[in-house]
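Structure first, commentary second.
The values are calculated or read from the model by the stated rules, or taken from the named source; none is laboratory data. What you see is a predicted model; the values in this text were computed from it and never measured. As a convention, Cβ positions derive from the backbone with ideal geometry for all residues, glycine included, and neighbour counts pool all protein chains shown. Calculation scope for accessible area: heavy atoms of the full protein, side chains included, ligands and nucleic acids excluded. Shrake-Rupley method; radii C 1.70, N 1.55, O 1.52, S 1.80 Å.
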Amino acid sequence: MELTMSTIVIQDLYNNPKSEFSLTTEEVSWYGSILFVFHPTGSFLSGFLQERFGRKRCMVLANVPSIFGWIMLYYTHSVVSLYASTVLMGLSIGFSEAPILSYVGEITEPRHRGTMASLATTAGMIGMLLIYILGYFFEWRIVALLSTLCPITCICLVMLIPESPLWLIANGKNEKAKKSLCWLRGWVKPEMVKAELLELIRYNEVSGTRNGKVKIEKNNISSKLAQLLDPAVYRPFRLVMIVFFISYIVCLLPSKPYFSQIMNEVGLSEDRSLLFVIFAVLQNIGCIILVLSVKHLGKRFLAVMSVSINTILLILFGLYIMALKNGYTESTPWIPTMILSGISLFGTSISTLPWMLVSEIFPNKSRGVAAGSCAALSYLLMFILTKSYLIVEINLTLEYTMLLFGGIGIFGLVYLYFYLPETEKKTLLEIEEYFK
């Protein structure tokens with residue numbers, strides 16, 4: 001919801017003399033991207049704090065700045081307070097990513113991990129759809145006020161779930177881990193989870209070791225960051241960051257804050273709010289398809305297919321705009337509508353993939369700091385791409401920007417084909433051994 005809110009606000013305030021205050025092109029550029037500047041701060045903090053205080057406490061804490069951010073957005077009367085509300089939302093999103101992904105990766109069985117990790121992204125897509133629906137019916141201030149209920153509800157619901165059993169084991173709380181596992185497997189008796197508990201204890205002992213030797217690490221920030229240089233951490237870290245870059249480009253995420261301007265340029269100026277809802281619905285349909293199919297088709301196949309289709313659509317979009325500007329064709333609204341709809345529908349798999357990988361690809365002893373660092377750098381990358389998008393489009397024009405994105409998609413397709421392993425139905429230890 002927080003990721004999408006800027007689109008609703010920009011649509012109402014961009015160069016609008018009738019509003020209480022309006023946003024210039026430069027202010028829109030900052031407002032659309034400043035959210036991603038403060039994500040890394042929250043992500044880095046949560047990466048360290050979740051190891052000390054647990055996944056559950058960090059998931060609760062992540063909602064606090066979100067509550068204040070939504071309230072401040074409702075009462076904002078200037079560009080400065082608008083930026084301030086976005087800063088709080090950015091901290092909230094960044095702080096939530098690592099503990100959520102670590103928690104999902106640790107509580108699920110291998111056969112369900114892909115489905116559960118994709119459900120986490122599906123929740124995000126539902127939030128985007130909800131914001132677009134609310135934006136269609138209400139003014140942006142009312143949307144902000146109603147959205148305040150979301151983090152409050154989240155805190156109440158997270159309080160009902162148990163702590164990650166793997167985190168409890170890592171902190172010597174095996175009895176609590178047993179109770180947590182009983183709850184997570186359907187309120188079963190301890191005898192039913194005994195084998196899985198022993199397997200988790202063994203994994204905790206073996207994870208992060210080399211040739212059977214345990215590496216003794218000091219529990220401070222410098223030693224935690226030094227873990228990122230371990231090949232067992234660095235190799236998956238590099239893979240995830242490249243996949244993030246590919247997914248951002250082929251899903252047109254850097255252009256999301258400026259989607260209203262893009263739609264104007266391709267003749268979709270009417271019913272933009274309705275189109276936003278349609279695109280969000282298609283993203284949710286894509287998520288549902290992903291949830292139902294990832295167990296059968298695997299992450300690798302879905303990712304390669306997603307990048308292939310979106311790359312073709314981006315190139316077609318660029319060629320259509322080129323033909324439109326050169327007078328080779330008349331404005332045909334259904335063509336860009338179908339292309340953007342296809343990008344929304346098929347981009348779900350690749351946009352979800354890096355978050356799935358973050359939840360399962362790192363060794364247990366480094367998962368917190370590695371997941372937090374991954375989330376932090378991914379948002380820093382998103383900020384750079386979003387902030388520079390307008391500069392690229394102004395210099396290359398929209399059609400050549402889309403062709404550039406398509407070219408990057410071709411590079412991404414080749415990279416994924418040769419370097420992306422299949423992790424579906426693999427245990428955490430099997431995945432760790434692959435990268436060793």
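Close amide H partners of Tyr14, meaning residues 5 or more places away or on another chain with modelled amide H under 5 Å apart, are Leu23. How big is the gap, in Å, between the Cα center of segment 12-41 and the Cα center of segment 115-160? What the calculation gives is 21 Å, centre to centre. Taking θ as phi - 60° and the Karplus parameters 6.51, -1.76 and 1.60, the scalar couplings of segment 14-24 work out to 5, 6, 10, x, 7, 7, 4, 8, 10, 10, 7 Hz in sequence order, x denoting glycine and proline. Leaving out ligands, DNA and RNA, what percent of the accessible area of segment 292-350 is carbon and sulfur, probe 1.4 Å? Answer for segment 292-350: carbon and sulfur cover 71 percent of the accessible area. Surface exposure of the chain, expressed per residue as accessible area with a 1.4 Å probe, stands at 44 Å². Can you tell me how segment 375-436 classifies by the Cα gyration tensor, rounded, prolate or oblate, using a/c under 1.5 as the rounded cut? Since a/c reaches 1.5 but b/c is at least a/b, the shape of segment 375-436 is classed as oblate. Exposure check, 1.4 Å probe, all protein chains in place: Phe53 carries approximately 90 Å² of accessible surface. Can you list residues whose amide H is under 5 Å from Glu422's amide H, if they're 5+ apart or on another chain and H is modeled 1.01 Å from N? Excluding prolines and chain starts, which carry no amide H, there are no hits. Accessible area of Glu191 (1.4 Å probe, protein heavy atoms only, ligands and nucleic acids ignored): about 140 Å². In summary, the helical segments of the chain meeting the span-like criteria, namely a full DSSP H run, a Cα extent along the axis of 24 angstrom or more and a mean Kyte-Doolittle hydropathy of at least 0.5, are 79-107, 110-137, 231-250, 272-297, 299-325, 367-419.
Taking a Cβ cut-off of under 13 Å around Val79, the surrounding Lys, Arg, Asp and Glu residues balance to a net charge of -3, with basic ones at +1 and acidic ones at -1. Compared with the direct C-alpha span, the chain from Leu396 to Ile312 gains 28.3 nm at full extension, assuming 0.36 nm per residue.
Computed from the C-beta positions of Tyr419 and Ser293, the FRET efficiency with R₀ = 25 Å rounds to 0.65.
Inter-label distance, Arg300 to Glu175: 4.5 nm, where each label sits 7 Å from its Cα along the C-beta direction. Annotation: average projected area of the chain is 20.7 square nanometres, based on the convex hull of Cα atoms across all directions.
Carbon-plus-sulfur accessible fraction, segment 120-184 (probe radius 1.4 Å, protein heavy atoms only): 74%. Rounded, prolate or oblate: pick one for segment 278-419, where a ≥ b ≥ c are the square roots of the eigenvalues of its C-alpha gyration tensor, a/c under 1.5 means rounded, and failing that, prolate if a/b is larger than b/c, else oblate. Prolate, because a/c is 1.5 or more and a/b exceeds b/c.
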